[in-house]
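The values are calculated or read from the model by the stated rules, or taken from the named source; none is laboratory data. Since this is a predicted model, take the numbers as computed values, not measurements. Cβ atoms come from the backbone with ideal geometry, glycine included; neighbour counts cover every protein chain shown.
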Amino acid sequence: MSVNIRHRMLDAIPFTSQIKFDMELWHWATTRMNYALVSYWYMKPGGKCLVEPNPASAKEPVALKRENMFPPVPDLAGVLQGEHLRVVSLSNGSWEIQNSSSWGWSNNQQLWWMDGVTNGQLKAEFEIAKAGVYTITGNFTKAIDYGNFKLMINDQPAPIHFKGYHSGKPVSVTTELVNLGQFQLQEGINTLQVTITGKQPAAKPRFMVGIDYLKIRND
């Protein structure tokens, strides 16, 4: 969360009876913004303010967490962006949302776990509206310094062992879509656990993990 104050003290803005202006609001990346505006001004005695009180707008909640803006739920096509997962624990290393338009990630972002170790674990949550058996596929990043990992969803192991190494030819970073299998999901909160199992011999030892997206289908 940030607070910005813009003072218009040096530039004269002459007017006679009323004034209306637009305030610039932008970001250098494609994003969703949540904001609240407060304006202060000086008025001569006898002046009349044309802005009516708006208590309903004042009660609108301000986003304090990322999930307030991007809840960890699949979209209408069943796609859950990796960067929208709610990370609840990390045994080692660090994680962040990585942005890039160069590697073909969905939404140009991924959940990026850096500098883990063998047997390190990342645990995240996502939410489902209706309980049932779901088929889940995952799109994961591969590069020269990515490690191998296995997954569990609600403590149910996925029957794949993902190998994250990619030689860098013809591109330095790529992704691979894999079928994780079928899982019993519950209404509300579900868990995804990633465990690093090592690396391929030629991989640089940073054991990185990148989750582009999960696709969750109730066929």
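When you go through K150, K169 one by one, which is the residue that is closer than 13 Å to I211 by Cα and of a type in the set (K, R)? Checking each option against the conditions leaves just K150. Here S57 fulfils each of the conditions (1) under 16 Å from the mean Cα position of the chain (by Cα); (2) loosely packed, with under 13 Cβ neighbours inside 10 Å apart from (1). With respect to S167, is the statement that it is out of contact with any strand residue (DSSP E or B) (no Cβ under 7 Å at 6 or more places or on another chain) and exposed (fewer than 15 other Cβ atoms within 10 Å of the Cβ) true? In short, yes.
In region 164-217, what residues are of a type in the set (K, R), more than 17 Å from the chain's Cα centre (by Cα) and within 27 Å of L76 (Cβ to Cβ)? Within region 164-217, just R217 meets the criteria.
Look at region 188-209: where a residue is over 15 Å from W112 (Cβ atoms) and a partner is of a type in the set (S, T, Y) and assigned to a strand (DSSP E or B), sitting 6+ places away or on another chain with Cβ atoms under 6 Å, you get Q200/Y165; A203/Y165. Within the set T191, T195, T174, the sole residue that is part of a strand (DSSP E or B), over 23 Å from I128 (Cα atoms) and not basic (K, R) turns out to be T174. Checked against the criteria, F140 does not count as on the phi > 0 side of the Ramachandran plot, modelled with pLDDT of 95 or more, crowded, with 21+ Cβ neighbours inside 10 Å and not small (G, A, S). Annotation: D145 fulfils all but one of (1) modelled with pLDDT of 95 or more; (2) at positive phi; the unmet one is (2).
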